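Peer 1: There's a structure below that I have some questions on.
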There are 2 protein chains.
Amino acid sequence: MNTLEAINKRRSIRKFTGKALTQQQIETLLRAAMLAPTARNAQEWDFVVVRDRATLDKLMAVHPYAHMLSTADCAIIVCGNTQREHAPGYWPGDCGAATQNILLAATDMGIGSVWLGVYPTQERMDAVGQVIALPAHVKPFNIIALGLPDEKKEEVDRFDPAKVHYEKW
Amino acid sequence: MNTLEAINKRRSIRKFTGKALTQQQIETLLRAAMLAPTARNAQEWDFVVVRDRATLDKLMAVHPYAHMLSTADCAIIVCGNTQREHAPGYWPGDCGAATQNILLAATDMGIGSVWLGVYPTQERMDAVGQVIALPAHVKPFNIIALGLPDEKKEEVDRFDPAKVHYEKW
């Protein structure tokens, strides 16, 4: 799929068939994530791949908007590793870029995805971190629910010229 | 260009020919940015497009690593608008995703780009905000330098299996 087409077609998919992704598909998504840029090329991320149904259910129980994990095949939890950062506080932006690579690669491959926010809500960070046993220096940024899509969404046009400013505000 | 190919080919380009991008190319980049997901669909971003040489020089003067603006045709400053956010603190991750859409769309279109970090370094945020007259509720996230590339970079493989964890940390 063409890049601009994937950017246009990417939508938050919340219903999945429950069918399994292949290990190769998941690795392609992780490779895409690690090709995103990071501040001073610190690559200060880690990725936790959850496919065990009991763990997916636990994540669903501790996150208020994660019901779509009930039909997802897999979740990738994108994390910022503060032991690897070169300057404090750049990891959330960098994790956002890595996430977008995963979402676009997934769209390209016919895989549905949705980004469930975790950082900076401390309560969610603590709860998610506990479910997947994160050490204190590794911060959960989001949960990406993944699976084969069981809903179809049309493209949207979100372009708003009022949000574009020329030369200055 | 295929999505996975653009993800692979995107590199930080720091030398530009100085030739002008078209207004249509810039609008395509901004359209791509606004197609990224945001927390609760707040779309809490704004974009300041700078093409005036005097302003580009001012940005270069206040940012320690922005020398590549000297040959860039254009800069897009991605901003988080805290008056439009639904929950505090999600805008940096959302701006990271919007930035990645710009970088990938640029790669697809043969445009070179590099992400210059601004947030969360307060000194840079204040200085950049002053140059482009941002109000206090609008936070500069980064500066994306853009232009036709005057250097060629090979693809890299950053995949690191040690950063992938299965089921838990």
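The values are calculated or read from the model by the stated rules, or taken from the named source; none is laboratory data. Since we're looking at a predicted model, the values are computed, not measured. Note that we place each Cβ from the backbone using ideal geometry, even for glycine, and neighbour counts take in every protein chain shown. With ligands, DNA and RNA removed, areas are computed over all heavy atoms of the protein, side chains included. Shrake-Rupley method; radii C 1.70, N 1.55, O 1.52, S 1.80 Å.
Peer 1: Looking at the stretch A:68-116 only, could you name the residues that are of a type in the set (D, E, K, R) and either under 24 Å from A:G147 (Cα atoms) or touching a strand residue (DSSP E or B) at 6+ places or on another chain (Cβ under 9 Å) (or both)?
Peer 2: A:D73, A:R84, A:D94, A:D108, listed by residue number.
Peer 1: Just to be sure, is A:R158 facing another protein chain (nearest Cβ under 7 Å), basic (K, R) and in a loop (DSSP other than H, G, I, E, B)?
Peer 2: Against the criterion (facing another protein chain (nearest Cβ under 7 Å), basic (K, R) and in a loop (DSSP other than H, G, I, E, B)), A:R158 qualifies.
Peer 1: Also, I was wondering about something else. Among strands (runs of 3 or more DSSP E) lying entirely in the stretch B:13-122, which contain 1 or more residues that are more than 8 Å from chain A (Cβ to nearest Cβ)?
Peer 2: Strands (runs of 3 or more DSSP E) meeting the threshold: B:74-81, B:112-117.
Peer 1: Could you run through the stretch A:75-84 and say how many residues are crowded, with 21+ Cβ neighbours inside 10 Å and of a type outside the set (V, I, T)?
Peer 2: So the answer is 3.
Peer 1: Looking only at the stretch B:129-155, which residues are over 17 Å from B:S70 (Cβ atoms) and not in a loop (DSSP other than H, G, I, E, B)?
Peer 2: Selection gives B:G129, B:Q130, B:V138, B:K139, B:P140, B:F141, B:N142.
Peer 1: Something else about it: In the stretch A:85-107, what count of residues is obtained for those that are open to solvent by less than 10 Å² (accessible area, probe 1.4 Å) and within 23 Å of A:H137 (Cβ to Cβ)?
Peer 2: Within the stretch A:85-107, residues that are open to solvent by less than 10 Å² (accessible area, probe 1.4 Å) and within 23 Å of A:H137 (Cβ to Cβ) number 9.
Peer 1: Shifting gears a bit: Residues being closer than 28 Å to A:I7 by Cβ and open to solvent by 10 Å² or more (accessible area, probe 1.4 Å): count how many of those fall in the stretch A:117-140.
Peer 2: Counting residues in the stretch A:117-140 that are closer than 28 Å to A:I7 by Cβ and open to solvent by 10 Å² or more (accessible area, probe 1.4 Å) gives 6.
Peer 1: Provide a single number: the residues in the stretch B:15-69 that are free of Cβ contacts under 8 Å to residues at least 12 places away in the same chain and either crowded, with 22+ Cβ neighbours inside 10 Å or polar (S, T, N, Q) (or both).
Peer 2: Residues in the stretch B:15-69 being free of Cβ contacts under 8 Å to residues at least 12 places away in the same chain and either crowded, with 22+ Cβ neighbours inside 10 Å or polar (S, T, N, Q) (or both): 4 in total.
Peer 1: Within the stretch A:149-168, is even one residue of a type in the set (S, T, Y) and open to solvent by 50 Å² or more (accessible area, probe 1.4 Å)?
Peer 2: Checked against the condition, which is being of a type in the set (S, T, Y) and open to solvent by 50 Å² or more (accessible area, probe 1.4 Å), the stretch A:149-168 yields at least one hit.
Peer 1: Right, another one. Would you check if B:Q130 is more than 8 Å from chain A (Cβ to nearest Cβ), under 19 Å from the mean Cα position of the chain (by Cα) and under 22 Å from A:W91 (Cβ atoms)?
Peer 2: It is false that B:Q130 is more than 8 Å from chain A (Cβ to nearest Cβ), under 19 Å from the mean Cα position of the chain (by Cα) and under 22 Å from A:W91 (Cβ atoms).
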